[in-house]
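Note sheet for the following structure.
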Amino acid sequence: MKNEVTFVKDIRIVKETAEPGLMAIKARGIATIKKLIAPVLIPKEYLSEPEDGIFELDFTLDDSHQDFVDVELDVEVVFRIKNLPEWVKGVKVNAAENSDIELL
């Protein structure tokens, strides 16, 4: 499997008013990967019931470096570009299984 983004969720073009000709292309999507330092929730071990009745979990990264089956992550990128050619009417972002177009 190649390192690629599976789905484009949305794209947005932001024109910079402070600097003419400069714009940012923001893309969000879902990447499916097989190997990862994965985010995990690890339950706190209790010897007795906590007085407040709250079950705690630590939100951390698992560094076991094991292979996973289709871990899906939301990913986001910002691409800044200056002075697009005059003919550009929109921007298309391609992913492995879909694409999205944003008009200028």
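The values are calculated or read from the model by the stated rules, or taken from the named source; none is laboratory data. Keep in mind that what you see is a predicted model, and the values were worked out from it rather than measured. Cβ: placed from backbone, ideal geometry, glycine included. Neighbour counts: every protein chain shown.
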**OP:** Taking the residues in the stretch 67-87 that are assigned to a loop (DSSP other than H, G, I, E, B) and either among the aromatic types (Phe, Trp, Tyr) or surrounded by 10 or more Cβ atoms within 10 Å (Cβ to Cβ) (or both) as candidates, determine which candidate is modelled with the lowest pLDDT.
**Re:** 84
Subject >> residue 64 being of a type in the set (Ser, Thr, Tyr) and modelled with pLDDT of 80 or more >> reply: no
Original post:
Within the stretch 16-24, can one find any residue that is surrounded by 10 or more Cβ atoms within 10 Å (Cβ to Cβ), over 26 Å from residue 104 (Cβ atoms) and either touching a Lys or Arg at 6+ places or on another chain (Cβ under 9 Å) or modelled with pLDDT of 75 or more (or both)?
Top reply: no
**OP:** Give the residues of the stretch 75-101 that are in contact (Cβ under 8 Å) with a residue 60 or more places away in the chain and not hydrophobic (A, V, I, L, M, F, W, C), sorted by residue number.
**Re:** 82, 83, 94, 97, 98, 99, 100
Subject >> Unmet criterion (only one of (1) β-branched (Val, Ile, Thr); (2) at pLDDT 85 or above; (3) assigned to a loop (DSSP other than H, G, I, E, B)) for residue 54 >> reply: (2)
